[in-house]
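Some notes on the structure that comes next.
The values are calculated or read from the model by the stated rules, or taken from the named source; none is laboratory data. This is a predicted model, so every value here is computed, not measured. Methodologically, a virtual Cβ is constructed for each residue, glycine included, from the backbone with ideal geometry; neighbour enumeration extends over all protein chains shown. Just so you know, the surface numbers come from the protein's heavy atoms only, side chains and all, with ligands and any DNA or RNA stripped out. Shrake-Rupley method; radii C 1.70, N 1.55, O 1.52, S 1.80 Å.
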Number of protein chains: 4
Amino acid sequence: MHYPSTLTQIPRDLVSLSDYERYAKRHLSGAIYDYISGGGADEVTLKRNRKILDQYFIQPRVLQDVTKGTTATRLLGESFRHPILLAPVAFQKIAHPDGELATAAAASLLEAGMVVSTLASESIENIAQTLKSPKWFQLYFQQSKAFTLELIKRAEAAGYTALIVTVDAPLHGIRNRAQRAGFQLPKGIEAVNLRDRPPLPEAILDPNESIVFQGMMTEAPTWNEIEWLIKNTQLPIILKGVLHPADALRAKDMGVSGIVVSNHGGRVLDCVPTAIEMLPVIRSHAGDDFLLLMDGAIERGTDVFKAIALGADAVMVGRPQIYALAVAGSLGVAHMLRIIREELEVTMALAGTSNVSDIRQAILWQGGFQRL
Amino acid sequence: MHYPSTLTQIPRDLVSLSDYERYAKRHLSGAIYDYISGGGADEVTLKRNRKILDQYFIQPRVLQDVTKGTTATRLLGESFRHPILLAPVAFQKIAHPDGELATAAAASLLEAGMVVSTLASESIENIAQTLKSPKWFQLYFQQSKAFTLELIKRAEAAGYTALIVTVDAPLHGIRNRAQRAGFQLPKGIEAVNLRDRPPLPEAILDPNESIVFQGMMTEAPTWNEIEWLIKNTQLPIILKGVLHPADALRAKDMGVSGIVVSNHGGRVLDCVPTAIEMLPVIRSHAGDDFLLLMDGAIERGTDVFKAIALGADAVMVGRPQIYALAVAGSLGVAHMLRIIREELEVTMALAGTSNVSDIRQAILWQGGFQRL
Amino acid sequence: MHYPSTLTQIPRDLVSLSDYERYAKRHLSGAIYDYISGGGADEVTLKRNRKILDQYFIQPRVLQDVTKGTTATRLLGESFRHPILLAPVAFQKIAHPDGELATAAAASLLEAGMVVSTLASESIENIAQTLKSPKWFQLYFQQSKAFTLELIKRAEAAGYTALIVTVDAPLHGIRNRAQRAGFQLPKGIEAVNLRDRPPLPEAILDPNESIVFQGMMTEAPTWNEIEWLIKNTQLPIILKGVLHPADALRAKDMGVSGIVVSNHGGRVLDCVPTAIEMLPVIRSHAGDDFLLLMDGAIERGTDVFKAIALGADAVMVGRPQIYALAVAGSLGVAHMLRIIREELEVTMALAGTSNVSDIRQAILWQGGFQRL
Amino acid sequence: MHYPSTLTQIPRDLVSLSDYERYAKRHLSGAIYDYISGGGADEVTLKRNRKILDQYFIQPRVLQDVTKGTTATRLLGESFRHPILLAPVAFQKIAHPDGELATAAAASLLEAGMVVSTLASESIENIAQTLKSPKWFQLYFQQSKAFTLELIKRAEAAGYTALIVTVDAPLHGIRNRAQRAGFQLPKGIEAVNLRDRPPLPEAILDPNESIVFQGMMTEAPTWNEIEWLIKNTQLPIILKGVLHPADALRAKDMGVSGIVVSNHGGRVLDCVPTAIEMLPVIRSHAGDDFLLLMDGAIERGTDVFKAIALGADAVMVGRPQIYALAVAGSLGVAHMLRIIREELEVTMALAGTSNVSDIRQAILWQGGFQRL
Ligand SMILES: Cc1cc2nc3c(=O)[nH]c(=O)nc-3n(C[C@H](O)[C@H](O)[C@H](O)COP(=O)(O)O)c2cc1C
Ligand SMILES: Cc1cc2nc3c(=O)[nH]c(=O)nc-3n(C[C@H](O)[C@H](O)[C@H](O)COP(=O)(O)O)c2cc1C
Ligand SMILES: Cc1cc2nc3c(=O)[nH]c(=O)nc-3n(C[C@H](O)[C@H](O)[C@H](O)COP(=O)(O)O)c2cc1C
Ligand SMILES: Cc1cc2nc3c(=O)[nH]c(=O)nc-3n(C[C@H](O)[C@H](O)[C@H](O)COP(=O)(O)O)c2cc1C
């Protein structure tokens, strides 16, 4: 069995999300740790995701009355206790035998929205049953439209209330760290929701053709597939992995309900801009009402605050959930969520902001110290 | 007993304030050292406090006559031998059995103003008796107004001449370093001046309420309390921990006598701007006559010079006093003060400035080398 | 014999060009490794070549149809499968006994253009016979014009289709790293194509003269020699090592067909600008049609993409070919070329660009995050 | 005896000025090494002196005819073979028993101007006799004007042709590194030229007075002393240690012949600007004809080139001469001078500049890559 033992109580020195990363190294095999924590190529983007967040500074305010303060917010008409969602993370059983069910239990406890991956290692129906907080389904387009539709119908039936379509990973990133570590999905873990997927047609390339352009990219969705999707579901659609204002506008015009400004945690193409830097640009193009989520290196309440101040409606947390899961199962994920939620409250209080819209008006300063 | 031995003479290689930090590691237990030296969360602000100071450069002037030079200055009508005060630092007995009394003796010797904390581990009356140089009292608002008033009256009676009201720490920072080290106040050390404080009412939160907003922040002072305070004391009032020009202006308009531009040594909210960066912004809003103190990472005569050139009337020194106290008691604090005062004189001489107002006119250059 | 053993199959953790550098350390003697990897003086430029590339960010686009995508391009009327050429690298037998022939075989397999150095350790005729992809000849002017002409005629006869004249190395750089390591060309390796070169006249300097100005630089070509060259060959001429727009314009006006924007891999003069920074400046002066190649620290598909987006028509790869050669001979070079070509395709696909001209229009962002 | 053995031939891996620093660590005792290499306080300025130089980039030019190239230049009417002088460095016998005489012999061989310190450990007459290249005398004002005049008259008589008056060190810097190492001048080494200096009057300070302002600074020269000096010598006067344009202008207006833009190698006041950054500012105020020397971290031919391109007429080299002296005596200093001179020639050749005035017109680029 590949699981090292899991903690059943939280040690004293586990007080922040980065502590979970530190602990996770001991609770995961090297190759699995490298797969989870790693990014594309030289990890320039992965490192910048974190580094750039530390170059924004929050303007505190003193002596404000915040006793009516709340983190509650609404996204696409649904109520959320706080603006911190669990990002879709595939194959959670690689971190813990209870996988997505443990995560869903923790999310329910901490009233966090959870986005369930197409590549979950547990059936999306089982997860939905455990999950009491808002549940959204992350869709990877399948080559067969019929099968894609089947997935959507299952998600609708199971009570998922939004579809997040991931559009920034039509092919695997060049994940050199995971490759060097020889990462392979452990035996017995699989994308259970794709079991009935029809087999792919065999691709034969001629010598002038490219395995990328004429191979993998022939299965990738285009804007046409998004149009088709809008016609084929009642659920609101969110595109995940948009970094260009023009792409955001096109999505909005087409009837998409929102986007996740994201570089997929630096896991696909290296050397792309960070979501936090693109956020204000995209917000200023997309207008105040278009839903903007953001993810990438969110680890602190101050990070959540900064992302919202720069234009996000809410953020998603990726790797920390899987580290916490590996370290202490459902307990870990719940504790992790509590830490970051409380950090956000402390930040709001000290910045004199009583709610999410106040944060949107808050002042940040940047490294070079221009006012934003 | 938790005190390692204290030096009774100064070793040859202890020649700067940072040397005291180096030595202090050997004279303090790990957890206490982490509590003192640490900051909030990832210590982004703590590190920037120091780093940014090193990115300002002082323009030297040659061949000036400075034989009439002096560091003497007046703050709120009181005479100070030099513009370097001891910042309020709680529980000084964690560093040395003589605690605040040793510090006060050293301050007297070096003619340094001292700000005594509400959380002193010695009675404010005893400290006042030892302290021959200017004495100010740092006030933390207590939930009971009556008890707050009692503290103020004691301070007035003991001869303190100003009240510094700390407004940037209505709740504990998220001090992960101290938490990880398992810091606890050693037995026998306590906030002796708060012994008679009435017990806090029990707080019961309903599930939708937040321990931050509806819990801790209900005890935090607001601008109303500052108005109340102005009416209830004759002492001049200084707000400590202001970083926003609008807050500075509001304080000034209300009748507050000055502010300390400070981020509390990076100990409360992480990722806030540094005092040194906000100083010129605040000075330009607050006008030339409003008292501005500054603290945060002041360790060198050149730091003092820079802070004044950027708009401060005087600076305060926090951690170095407690390091010096741990290393060599009263002797250490006195030596530490002498070092930084002489460094300031040398800096003034080489910059061709004869007094504090000359420094205010001095030219600084910044990293990227724009003239300020 | 100075060759450590060569790999005959590619290990699992050799998945990027920088991995070849890592492996090459084990397959090369220390002094040879230092000679190859090292640069001039303090290697400020060498390090910046790499560092600056990581400060440009590629704007991805989503949901584009790239199924017609191709890397194919035309340079000086000739077809290239992809815009990645092998830069001229002298004395390839120092890395592998098969030297330039192994490289040529790999280039043929991966359909990469190869530029053969005047200082090849194999005859240019033999190399030309092996090489099935585009072949260009890199010319170092010889002091004897007659002998220079002889080289050109041989290159023409052997089927080389362009002359790259290197103009940035009229004298050896100050290669301190190689000097400190005591690098010497191993016995038996020589510039075989220069065997018949007439002996140099003996130089006698008077005490006021300089070994640089009145010594070595008397053999260096000037613009006059370029004019002479244009008259004496039918082949298109490309100047390698141009970094100043005025020099580029002068070359263009004179009838030169293109330039390589390059600092010779940081191997000659230290502290010069990087090619990637000068590229857009030179492109904007030289106009859209003038051929611009670029080299220096190209290691990733994203690097190729960036260089083209900043104005290059194609790039050249220097050190990685020699590392790959040392590690696994012809197999290594072929594998190395396949990696970078596929990385380029992945980058193009994720940036929504279908061909080289699309890349030229692509958006990059810079460190400080101004749009270029 | 405190001298470790000296090399009598130059090892293969000693090929740059920084190599001399590396070797010098083995040829000097720790405290002496710390005294020489160290700077003021936290060495912020010392480190920046070096770092900032690496942030300027030289624009190379190709295919220029530089066969008439020369480094020769004229300063104050005197001919110099090259624009690299030996900065005044006190007490050279701490590095080598032959002290200043060895340095003077090397300077003669390499035709380098040498500035002899008031604090030389050898008589200025003996040094003058050995020194065949341009000789200037560095003057520290003495408290007694009569004795100062005596020094000047001796310098005139011995054939020194200019006076460099150091004005940036009226008091010792706060040299914490040397203090921590417990540096003391070794027995037997002294400022032999000051042996006849009249004893200083005893200073008695009252408690309100400062040891800096009312103590040491009472001995410091002011502009009045410079006026007096101009009247009392025929030699041209250069002020060393000027960093402010207004001070440069005042000097020029008063009849001073030039200045050394310098921060004394970061040895006096820490946190002052670098000479290289102030150079262009001062040049633009002082006009094209006023003599500007520059020193601080000059170690490479490219550094010399940059300083001249930014406005200097010539540069001075401080620490490297003393490292070279320690490593290999006169041979070392001569070798060190040859290295940097040849590096300058190589740089000039590759930048297409034939003489010092060409360098003054050369183009530099800066880190952030604005054209200067
Ligand atoms: C191990 C792992 C698996 C992931 N699986 C998916 C997935 O199945 N679908 C998806 O859209 N994103 C997936 N992501 C990306 C995350 O949703 C998210 O965008 C990214 O992790 C955010 O960055 P962070 O990890 O720095 O918080 C995955 C990320 C990780 C680390
Ligand atoms: C151990 C410690 C205790 C402190 N206690 C108090 C306090 O009781 N009241 C207060 O206003 N500030 C307190 N401070 C903050 C200091 O007054 C001051 O703002 C800060 O230390 C300045 O930064 P510096 O330590 O970098 O000089 C404390 C700081 C430290 C390090
Ligand atoms: C070992 C070695 C030998 C080289 N020989 C030559 C040469 O003979 N002619 C030439 O024009 N450039 C030569 N170069 C420079 C390369 O053509 C190219 O400009 C440089 O290596 C590009 O940088 P990169 O190595 O970072 O890719 C050589 C470079 C190296 C590393
Ligand atoms: C050991 C030492 C002794 C020095 N003595 C003198 C001196 O006697 N007079 C003086 O004007 N400058 C003196 N200097 C400063 C140098 O002249 C020069 O300004 C400085 O060293 C230049 O920086 P560099 O060492 O980085 O080249 C001394 C410097 C050093 C390192």
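Of note:
- Taking 16 Å as the straight-line reach from the Cα of B:Lys231, the aspartates and glutamates in range (excluding those fewer than 8 positions away in the same chain) are B:Glu150, B:Glu156, B:Asp253.
- Mean separation of Cα contacts under 8 Å (6+ apart) over length of the stretch D:295-348, as relative contact order %: 45 percent
- Shown for B:Asp289: label points 7 Å from Cα along the beta-carbon vector, and their distances to the equivalent points in the other copies, 5.2, 5.2, 7.3 nm in ascending order.
- Choice from A:Leu194, A:Leu63, A:Leu14 with maximal GNM fluctuation in chain A (Cα, 10 Å cutoff): A:Leu63
- Whether the protein assembly as shown is rounded, prolate or oblate, judged on the alpha carbon gyration tensor where a/c under 1.5 counts as rounded: oblate
- Peptide B:231-242 is shielded by partner chain Cβ atoms: per residue, an average of 1 of them sit within 10 Å of its Cβ.
- Pairwise burial C:D, computed as accessible area of each alone minus the pair, summed, 1.4 Å, Å²: 3500 Å²
- Taking each of B:Lys51/B:Lys93; B:Lys68/B:Lys132; A:Lys306/B:Lys252; D:Lys25/D:Lys47; C:Lys25/C:Lys47; A:Lys51/B:Lys306 in turn, the alpha-carbon distance tops 20 angstrom for B:Lys51/B:Lys93; B:Lys68/B:Lys132; A:Lys306/B:Lys252; A:Lys51/B:Lys306.
- FRET E, pair B:Leu194, B:Gln129, Förster distance 35 Å, beta-carbon r, rounded to 0.05: 0.95
- Interface residues in the stretch A:4-23 - accessible area drops by 30 Å² or more relative to the isolated chain, probe 1.4 Å: A:Arg12, A:Val15
- Tensor-based shape of the stretch C:66-210 (alpha-carbon gyration tensor, a/c under 1.5 rounded, otherwise prolate or oblate): prolate
- Protection proxy ranking for A:236-246, A:213-223, using the average of other Cβ atoms within 10 Å per residue and placing the highest first: A:236-246, A:213-223.
- Solvent exposure of the protein assembly as shown as accessible area per residue, Å², 1.4 Å probe: 36 Å²
- Inter-probe distance in nm under a simple model that places probes 7 Å from Cα toward Cβ, at B:His172 and B:Arg12: 4.5 nm
- Taking label points 7 Å from Cα along the Cα-to-Cβ direction, B:Ser5 and B:Thr218 give a separation of 5.3 nm.
- Placing dummy labels 7 Å off each Cα toward the beta-carbon, the span from B:Ser284 to A:Ile363 is 1.2 nm.
- Förster radius 35 Å - calculated FRET efficiency between D:Ser144 and D:Leu76 (Cβ-Cβ, nearest 0.05): 0.80
- Each residue of the stretch D:140-145 was assigned a 3J(HN,Hα) from its phi angle through the Karplus expression (A = 6.51, B = -1.76, C = 1.60, θ = phi - 60°), giving 9, 3, 9, 4, 8, 4 Hz with x at Gly and Pro.
- Those residues of the stretch B:284-317 for which accessible area with every protein chain present is at least 30 Å² below the isolated value (1.4 Å probe): B:Arg300, B:Thr302
- Solvent-accessible surface (1.4 Å probe) assigned to B:Leu331 amounts to roughly 80 Å².
- Length-normalised contact order for chain C - Cα pairs under 8 Å, 6+ apart - percent: 28 percent
- With every protein chain in place, chain B: carbon and sulfur % of accessible area (1.4 Å): 49 percent
- Highest-fluctuation residue, D:Ala191, D:Ala102, D:Ala178 considered, GNM on chain D with Cα pairs under 10 Å: D:Ala191
- For the stretch D:342-359, 3J(HN,Hα) per residue [Karplus equation, 6.51 cos²θ - 1.76 cosθ + 1.60, θ = phi - 60°, Hz, x = Gly/Pro]: 5, 4, 4, 4, 4, 4, 4, 4, 6, 9, x, 10, 9, 7, 4, 5, 4, 4
- Of all the options B:Ala72, B:Ala24, B:Ala155, the one that moves most in a Gaussian network model of chain B with Cα springs shorter than 10 angstrom is B:Ala72.
- Taking the stretch C:87-180 and dividing mean pair separation by its residue count, relative contact order in percent (alpha carbons under 8 Å, at least six apart): 25 percent
- Prolate/oblate/rounded call for the stretch D:303-372, Cα gyration tensor, a/c under 1.5 rounded: prolate
- Shortest-first nm distances, C:Trp223 label point to equivalent points in other copies (7 Å, Cα→Cβ): 4.9, 5.0, 7.0
- Chain B - mean residue ellipticity at 222 nm from DSSP helices (-39,500 (n - 2.57) per run, n ≥ 4, rounded to 500): -12000 deg cm²/dmol
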